[in-house]
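Scroll down for the structure; my scribbles are underneath it.
Each value in this text was obtained by applying a stated rule to the coordinates, not by laboratory testing. Quick caveat: nothing in here was measured; it's all calculated off a predicted structure. We place every Cβ from the backbone using ideal geometry, glycine too, and count neighbours over all the protein chains shown.
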Amino acid sequence: MSAAYKRILLKLSGEALMGDDAYGINEEVVSRIVSEIAEITRLGVQVGVVIGGGNIFRGMKGAASGMDRATADYMGMLATVMNAMALADAMRRMGVEARVQSALRIDQVVEPYIRGRAIRHLEEGRVVIFAAGTGNPFFTTDTAAALRGAEIGAQIVLKATKVDGVYTADPKKDPSAKRYHRISFDEAIGRNLAVLDATAFALCRDQKLPINVFSIFKAGALKRVVLGEDEGTLVHS
C-alpha cells in the first residue's frame, strides 16, 4: 500500500479538538486524530500540521466585541501554541516523534519557526506542528497552512473540516446538495465556493498547490486521502 503523496500539510481547526465540548481540548478526540496521523506516518508520509486556536480564543470574535484587532489576533496565535503543544504531547504518548515550531518566539517552550530545520525534521520522520499562524495579525491559519505548505514543498494541503468535502449547497440545509469529487481553482472561484479564505486560496492557486477538503471526523478518511482514493473534494489547477 503506497501513498500518493510524500509530504503533506494538514490544516486542523482548533474547533476540531473540542469534539462535542463547548470549549477547550477533548483528550479523546485528540487521541483519535493523532492515531490517524500516526497511521499515515507509518506509510512513510512526511506530515506538517497547522493548527487553529478557535477552541480557546478566536481573534475575529475578540475584535468584534471591541478588542483591538491586532491584540485579539496575537491572543489567537497564543491559543494555537497551546493546541500545538497538546497535540505534540499526545503524539509523544502514542510513540510519534513531533516538534512544535512557532512563528512567535517562545523559545522556552517551543522551537522558533526555521524553514530549513522544519524540512530536516520532516526528512527525519518527525511530524512538525506549525503554531502561531504566520506570526502576523490580520492573517488566518488557513493562510498559514497555504504559506507553510508552499515553504516546505508539500505536495498537497489537506483541510480537515466537519464536512466530508465541498458541496453544491449546504448539505445540512439542502438534502439534494451534491459533493464535488474534483474541481479546479477557477471553477471554485466561479461558483463562489468557500474552500479556504481568499488569501490562502489565491496562494495555493498561484503555487499550483492542490487542496483536499475532507472530514476529520470520518474514520480512516485521512488515510484514504493520502492513498489517493476518492475522499473529500480535490481542488486542483
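Using amide H atoms built 1.01 Å from N in the peptide plane, name the residues 5+ places from Ala132, or on other chains, whose amide H lies under 5 Å from its own.
Thr80, Val81, Ala103
Compute log10 of I(q)/I(0) for region 99-237 with the Debye formula, placing one identical point scatterer on every Cα and leaving out solvent, at q = 0.09, 0.13, 0.20 Å⁻¹, to two decimals.
Treating every Cα as an identical point scatterer, log10 I(q)/I(0) equals -0.30, -0.61, -1.25.
Strictly greater than 30 Å: what percent of every Cα pair in the chain meets that? If you can, show how the numbers build up before the last one.
Working: 5393 of 27966 pairs.
Across the chain, Cα pairs with separations above 30 Å total 19 percent.
So for region 7-236, taking the charge dipole from beta-carbon charges (+1 Lys/Arg, -1 Asp/Glu), which of Ala144, Met77, Leu234 sits furthest toward the positive end?
Checking the options against the dipole of region 7-236, the answer is Leu234.
Could you pull out which residues in region 9-39 have an amide N less than 16 Å from a spot 7 Å beyond the Cα of Met60, following the Cα-Cβ vector?
Those under the cut-off are 12-16.
Give the residue list of GluC sites (Glu not before Pro) in region 52-129 that are DSSP loop and have at most 15 other beta-carbon atoms within 10 angstrom.
Values: sites: Glu97, Glu123, Glu124; in loops: Glu97, Glu124.
Filter output for region 52-129: Glu97, Glu124.
How about region 170-237: which trypsin sites (Lys or Arg not before Pro) there lie in a loop by DSSP and see at most 14 other Cβ atoms within 10 Å?
Numbers: sites: Lys172, Lys173, Lys178, Arg179, Arg182, Arg191, Arg205, Lys208, Lys218, Lys223, Arg224; in loops: Lys172, Lys173, Lys178, Arg191, Lys208, Lys218.
Hits after loop and neighbour filter: Lys172, Lys173, Lys178, Arg191, Lys208.
Of the DSSP beta bridges with both residues in the chain, give the percent that are antiparallel, rounding to the nearest 5. Present the calculation step by step, with values, prior to reporting the outcome.
On the way: 4 of 33 bridges.
Restricted to the chain, the bridges split so that about 10 percent are antiparallel.
Once R0 is set to 35 Å, what does the formula 1/(1 + (r/R0)^6) return for the Cβ-Cβ distance between Met67 and Ala194, expressed as a FRET efficiency to the nearest 0.05? Spell out each step's value before the answer.
On the way: r = 25 Å, r/R0 = 0.72.
Efficiency, from the Cβ-Cβ distance: 0.90.
Could you give the alpha-carbon Rg of region 180-237 over 2.2 N^0.38 Å, rounded to two decimals? Spell out each step's value before the answer.
Numbers: Rg = 11.6 Å, N = 58, 2.2 N^0.38 = 10.3 Å.
Ratio of Cα Rg to 2.2 N^0.38 Å: 1.12.
Gaussian network model of the chain, Cα springs within a sub-10 Å range: biggest mean-square fluctuation belongs to which of Gly165, Gly62, Gly52?
Looking only at Gly165, Gly62, Gly52, the biggest GNM fluctuation is shown by Gly62.
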